[in-house]
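Asker: Below: one structure in structure tokens.
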Amino acid sequence: MAVKIRLKRFGRKNRAFWRINAVDSRAPRDGKVIEELGFYDPLATDPSRRVRVNKARVEYWITVGAQPSATVAGLLRHAVDCAVVQPPAAAPVTSEHAG
């Protein structure tokens with residue numbers, strides 16, 4: 001099976017959001033995925049949140065022969081490793097009881 005690393009589209013009209021996936025090369029663009037590797041949000045205002053991938057898994061797939069698409073190869077040069085970056089802490093949830 002030939003594996004490619006390519007984009008899968010999500011989001012609504014004019015608000016595209018893309019996931020970076022390892023897929024069988026014969027599968028359609030939005031078809032079945034072998035593994036999700038990260039995401040690309042072209043509309044993100046913060047450049048560090050625009051492209052996030054698990055770089056260890058991307059390197060693994062490339063070493064076993066997966067070929068990134070031209071677009072994904074360009075995105076990987078600007079990617080932030082999401083395995084290293086921790087998400088911001090959420091505000092504590094408080095519940096108010098009417099009494």
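Asker: I'm checking my understanding of the structure. Among residues of the range 57-68 that are under 14 Å from Leu37 (Cα atoms) and in contact (Cβ under 8 Å) with a residue 40 or more places away in the chain, which one is nearest to the chain's Cα centre (by Cα)?
Answerer: Val58
Asker: Then there is this: Residue under question is Ala66, and the condition is that it be on the phi < 0 side of the Ramachandran plot and at pLDDT 90 or above; does it hold?
Answerer: Taking the combined requirement at face value, the residue satisfies it.
Asker: Considering the range 13-27 alone, what residues qualify as being part of a strand (DSSP E or B) and not aromatic (Phe, Trp, Tyr)?
Answerer: Matches in the range 13-27: Arg15, Ala16, Arg19, Ile20, Asn21, Ala22, Val23, Asp24.
Asker: If you don't mind, another one. Consider the range 62-80. How many of its residues are assigned to a helix (DSSP H, G or I), surrounded by 11 or more Cβ atoms within 10 Å (Cβ to Cβ) and of a type in the set (S, T, N, Q)?
Answerer: Of the residues in that region, 1 qualify.
The values are calculated or read from the model by the stated rules, or taken from the named source; none is laboratory data. Owing to the predicted nature of the structure, the values given are computational and were not obtained by experimental measurement. Glycine also receives a Cβ, built like all others from the backbone with ideal geometry; neighbour counts cover every protein chain displayed.
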